[in-house]
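The structure under discussion appears below in the form of structure tokens.
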């Protein structure tokens, strides 16, 4: 997949580079809904990465509703988001704007968000921590 490039000098881990570049390519229309993505093994081989690295990026994209994995049939660009997901995205965008207005960076923002999830969800494990 020629639209992805791994920068070995970047402070971003490879899985995050794959995740963010694929998300950007999908949201900017370089992929259409229902387009099939390369298999994890194929993309990993093309990029010179471990399969687990690409699998993590795909998992995060799936959790975000950007792609769908259909078992042995592969991974595909997701269709239109549900109204609930669209509303959640609007709330998230407002949250990000307000946090940035306060001068809070992305890493600290995520740490605050994860902490609040842990405080408000009576669960011993958070889905966000498992990534």
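Quick note: the coordinates plus some simple rules give every number you see, no bench work behind them. Bear in mind the structure is a predicted one, so any value in this text is a computation, not a measurement. FYI the Cβ positions are ideal-geometry reconstructions off the backbone, even for glycines, and counts take in every protein chain you see.
In the chain, the longest principal axis of the Cα atoms and the axis of helix 83-101 are about 60 degrees apart. For the chain, the spherically averaged projection of the C-alpha convex hull amounts to 9.5 nm².
Across the stretch 21-59, the residues whose backbone nitrogen lies under 11 Å from the label position 7 Å along the beta-carbon direction of residue 12 are 21-25. Maximal additional length on extending the residue 24-residue 116 stretch stands at 30.4 nm, based on 0.36 nm per residue less the C-alpha distance.
Given contacts defined as C-alpha pairs under 8 Å and at least six residues apart, what's the relative contact order of the chain, whole-number percent? Relative contact order of the chain: 19 percent.
Computed over the chain with a Gaussian network model linking Cα atoms closer than 10 Å, the most mobile of 11, 75, 20 is 11. Extension gain for the segment residue 96 to residue 3, taken as residue separation times 0.36 nm less the Cα-Cα distance, is 30.8 nm to one decimal.
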